[in-house]
Each structure stands twice: as structure tokens, then as C-alpha cells.
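Worksheet for the structure shown next.
The values are calculated or read from the model by the stated rules, or taken from the named source; none is laboratory data. Computed from a predicted model, the values in this text were never measured in an experiment. Every residue, glycine among them, receives a Cβ derived from its backbone with ideal geometry; neighbour counts consider all protein chains shown. The accessibility values were calculated without ligands, DNA or RNA, using every heavy atom of the protein model including side chains. Shrake-Rupley method; radii C 1.70, N 1.55, O 1.52, S 1.80 Å.
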Amino acid sequence: MKKKNYHIQKQPFIVPTDDGKLIEEHFGNATDGNPNISIAHMIAPSGWSEPYQTPEFDEYTYIIRGQKQFIIDGETIVLKQGESIKIDRHTRVQYSNPFNEPCEYIAICTPAFSMNLVNREAE
């Protein structure tokens, strides 16, 4: 049988969280062991936030619905549905959803997201 040159992801890895955020990794370290890229579908509930971090990967975010707040090197940016952003590696950033509705988005990291590379600050 010939090997297929594609892979359809039907069972993304659901990352366990304790902050109500849904993280479904479709490709990356947790799903297929790929250290070069991670692609995740996420839903951040209203009121969600993460500590500041200075990741060792580039992160691309595309907002499907809702809004997401980014504090990047002290500048506050709000993205809305249909907007996207690339944040360069080694940039200090804080992600949050201080808005009334959940925010659904896609995140792509190169190299792949890893707790060893995210460099979250203590809260």
C-alpha cells in the first residue's frame, strides 16, 4: 500500500488547562511530535488571561470570533474578528480576553509551542 502524502487530523490533542481555556493542538509537539510548527484552535473565555511571557518562537494569531488583547512590549493592542498578528520570538507579551464574550482563534507557532520555550513569568 502506497504511503499517503498527507495527514488529516481528526483527533487533536486537548491540552489540559485550569483556566477554562480550550486548546486543541492539531499539529505540533503533542500531536505528531513535530518540533518545527504547532497549529492550535483555541477558545479563551471571558475574563481569561495568562502571565507575561517571552517565547522563543514566532506566534501568529488569527481571530475567528470575539476579541483578544495583547500587551506587547508595553503597548496594548486589541484584535477583532478577521484580524491577525505575528509576534516575533523574544518579544515580551501578555495575552488576555477582558471582554464579555469568548474569543475563538487559531494560533501557529514556529518552532512549535513548548513549555520549555514559552518562558512564562511568575504571577
Could you give the longest part of the chain that holds none of the trypsin sites (Lys or Arg not before Pro) found in DSSP loops with at most 14 neighbouring Cβ atoms within 10 Å? 11-88
Overall dimensions of the range 1-106 as given by Cα atoms, namely Rg and Dmax in Å: 15.0, 55
Grab the Cα-Cα distance for R120 and N34, subtract it from 0.36 nm times how many residues apart they are, and report the gain in nm with one decimal. 28.8 nm
Hey, rough spin-label estimate for D88 and K3, points 7 angstrom out along Cα→Cβ, what's it come to in nanometres? 3.7
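Heavy atoms only, 1.4 Å probe, whole protein assembly: order T110, T61, T76 by accessible area, highest first.
Values: T110 35, T61 5, T76 80 Å².
Largest accessible area first, the list is T76, T110, T61.
Rounded to the nearest 500 deg cm²/dmol, what is the calculated helix-only ellipticity per residue at 222 nm for the chain, with -39500 (n - 2.57) per DSSP H run of length n ≥ 4?
That calculation yields -500 deg cm²/dmol at 222 nm.
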Given unit charges at Cβ for Lys, Arg (+) and Asp, Glu (-), the dipole magnitude of the range 1-78 about its Cα centre in debye, nearest 20, is 700
Fraction of antiparallel bridges per DSSP, the chain only, in percent to nearest 5: 100
